[in-house]
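A quick write-up on the structure given underneath.
The values are calculated or read from the model by the stated rules, or taken from the named source; none is laboratory data. Bear in mind the structure is a predicted one, so any value in this text is a computation, not a measurement. A quick note on method: Cβ atoms are made from the backbone with ideal geometry, for glycine too, and the neighbour counts reach across all protein chains shown.
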Amino acid sequence: MIMEKDLNEIKFILKKYGQEHLLNGYDKLDESKKKTLLEQIETIDFELIKSLYNKTKEEIKNEKDEITPIEYLDKFKLNEEYKEYENLGKKAIKEGKLAAVTMAGGQGTRLGHSGPKGTYDIGLDSHKSLFELLSDGLKEEGAKYGVTIPWFIMTSRENNEETVAFFEKHKFFGYKKDVNIFFFKQGELPMVDTEGKILIDENGLVKKAADGHGGIYEALVKNGMTKKMRELGVEWVFIGGVDNCLVKMVDPVLMGIAIKKNVTVACKSIVKANPHEKVGVFCRRNGKPNVIEYSEITDEMAEAVDENGELLYGESHILCNLFNVSAIERMGATPLPYHSAFKKAKYIDKDGNLIVPESPNAYKFEAFLFDAFGEVDDMAILRVKREEEFAPVKNADSAGVDCPSTARKLYEKFYGLK
Ligand code: UTP
């Protein structure tokens, strides 16, 4: 039974923040949903939502930030150090110190696939899903070192059930659930409309959306995954996206660099295809490692080159990053800034009708993984080859770029399939 007192307290809070509409359909909900809705409301940080909404109206200006280039190593110009790094990394992998995390909590709106992105078949002759391609790579690499690399999959509330059911159907691709493969859900934030009102979903509950790939650190810590990693003897964690079918999660050279240089984060980059490619690139922001978005960079900066003719801001961030467990724990305890994205979102209006918008109507708030890079003292960046490690599946084929057909060709070429 819901106490009258609790309800009154909740109404008071809602009134204070102009969100009274959240209880519009309350009386029509069954007891269990009533309870869920009130619990949802009690956990909303209304101050945060208010300030995030207010920020959507401000033009974001980072002009005061001092942006400078960041050093990087080129994997193919390492000379004699290459072997040293590789040996250090190989030793750590053999000792079971590496785990892999796949971020699969995104909505994959651009691809337009109805299920979780990882279940997508990019059209190879084998018809393997992205999850299976990733699992193949991880198992093959682990076998080289005589270990099974523990695999952690981040899902969201929206796709968790379907993701786990997909893995179950495929017998976890040979992994054992809760032994060497683990699933955990990322956090969420309410979505708001253009007036700052929190949306109500089809079930009469608060409409929430995943809090971005930056939610990874908090989700790993809060769900006990870093604890699990430590129990397994893991010290290094590769974190990558689900939508790069050439992702190389096991790289002794990258690990060796982190160990030798005594840094807690080591990231891979690929050189920009051209100075104006629309990608985020590594930089220093006010002296600390960060990523600058293409929308933030001036033409002059984008085209600037060093004495060897290399772009000063040419190292694209491809979501292929290695972290020490201690760095994840530290980052998980530090709140990241949220960025807003204007998206299409179904909702129930004030008269109880389901509205399915045809154009963006609501703000979603997301943290970006690279905003935590500034938390580390320093990090290493390793430039790798695009054709060996990067085949993204972002868009539907109609876009012609970063889509299933381009990724398939890159995959087939790399593995000599066609
Ligand atoms: P993207 O930023 O490309 O987003 O994610 P997306 O959800 O896959 O696709 P769009 O933008 O809706 O079309 C890059 C990686 O980060 C993961 C995605 O699953 C993908 O592996 N991600 C993104 C999360 O795990 N959670 C999020 O909240 C956002």
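Return the total of residues in segment 202-226 being assigned to a loop (DSSP other than H, G, I, E, B) and within 13 Å of GLY105 (Cα to Cα). Of the residues in segment 202-226, 2 are assigned to a loop (DSSP other than H, G, I, E, B) and within 13 Å of GLY105 (Cα to Cα). Yes or no: ASN8 part of a helix (DSSP H, G or I), within 30 Å of GLU195 (Cβ to Cβ) and at pLDDT below 95? In short, yes. Checking the structure you have, find out if any residue of segment 250-264 is within 17 Å of the chain's Cα centre (by Cα) and of a type outside the set (Gly, Ala, Ser). Looking through segment 250-264, none of the residues is within 17 Å of the chain's Cα centre (by Cα) and of a type outside the set (Gly, Ala, Ser).
Please report, ordered by residue number, the strands (runs of 3 or more DSSP E) entirely within segment 272-355 with at least 1 residues that are touching a Pro at 6+ places or on another chain (Cβ under 9 Å) and within 20 Å of PHE370 (Cβ to Cβ). So that I can check it myself, show each step before the final result.
On the way: elements: 281-285, 288-292, 315-324, 339-343.
Of the strands (runs of 3 or more DSSP E) lying wholly inside segment 272-355, those with at least 1 residues that are touching a Pro at 6+ places or on another chain (Cβ under 9 Å) and within 20 Å of PHE370 (Cβ to Cβ) span 281-285, 315-324, 339-343.
Just to be sure I understand the filter: pairs with C-beta atoms under 8 Å, separated by 6 or more residues or on different chains, first member in segment 393-418 and more than 11 Å from TYR120 (Cβ to Cβ) and free of Cβ contacts under 8 Å to residues at least 60 places away in the same chain, second member among the hydroxyl-bearing types (Ser, Thr, Tyr) and surrounded by fewer than 19 Cβ atoms within 10 Å (Cβ to Cβ). Which pairs pass? Qualifying pairs under 8 Å: ASP397/SER405. Scanning segment 176-198 for residues that are farther than 19 Å from GLN40 by Cα and surrounded by 16 or more Cβ atoms within 10 Å (Cβ to Cβ), we see that the one that is farthest from the ligand (Cβ to nearest atom) is ASN180. ALA273 meets all of the listed conditions (1) within 15 Å of the ligand (Cβ to nearest atom); (2) at pLDDT below 95 but one, namely (1). With respect to the conditions (1) crowded, with 18+ Cβ neighbours inside 10 Å; (2) under 18 Å from VAL384 (Cβ atoms), GLU277 lacks only one, and its number is (1).
Here is a yes/no grid of residues against (1) assigned to a loop (DSSP other than H, G, I, E, B); (2) crowded, with 24+ Cβ neighbours inside 10 Å:
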position	(1), (2)
LYS228	no, no
PHE238	no, yes
LYS248	yes, no
ILE259	no, no
LYS268	no, yes
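Number of residues in segment 73-113 that are within 16 Å of the ligand (Cβ to nearest atom), out of contact with any helix residue (DSSP H, G or I) (no Cβ under 8 Å at 6 or more places or on another chain) and polar (S, T, N, Q) equals 2.
Could you say whether any residue in segment 114-135 is of a type in the set (Ser, Thr, Tyr), more than 16 Å from the ligand (Cβ to nearest atom) and either farther than 28 Å from MET229 by Cα or free of Cβ contacts under 8 Å to residues at least 40 places away in the same chain (or both)?
Scanning segment 114-135 turns up at least one residue that is of a type in the set (Ser, Thr, Tyr), more than 16 Å from the ligand (Cβ to nearest atom) and either farther than 28 Å from MET229 by Cα or free of Cβ contacts under 8 Å to residues at least 40 places away in the same chain (or both).
Scanning segment 59-88 for residues that are over 25 Å from ARG284 (Cβ atoms) and outside any helix (DSSP H, G or I) yields a total of 2.
Does PHE173 qualify as being of a type outside the set (Gly, Ala, Ser), within 16 Å of the ligand (Cβ to nearest atom) and over 26 Å from GLY374 (Cα atoms)? No. Quick check on my filter: what residues within segment 256-302 are touching a strand residue (DSSP E or B) at 6+ places or on another chain (Cβ under 8 Å) and among the polar types (S, T, N, Q)? Result: THR264, SER269, ASN290.
In the set MET225, MET229, MET249, only one residue is within 16 Å of the ligand (Cβ to nearest atom) and more than 30 Å from PRO190 (Cβ to Cβ); that residue is MET249.
The set of residues in segment 191-223 being over 18 Å from the mean Cα position of the chain (by Cα) and of a type outside the set (D, E, K, R) consists of MET191, VAL192, THR194, GLY196, ILE198, LEU199, ILE200, ASN203, GLY204, LEU205, VAL206. Considering only residues in segment 90-129 that are under 16 Å from the mean Cα position of the chain (by Cα) and assigned to a helix (DSSP H, G or I), the one that is surrounded by the most Cβ atoms within 10 Å (Cβ to Cβ) turns out to be GLY118.
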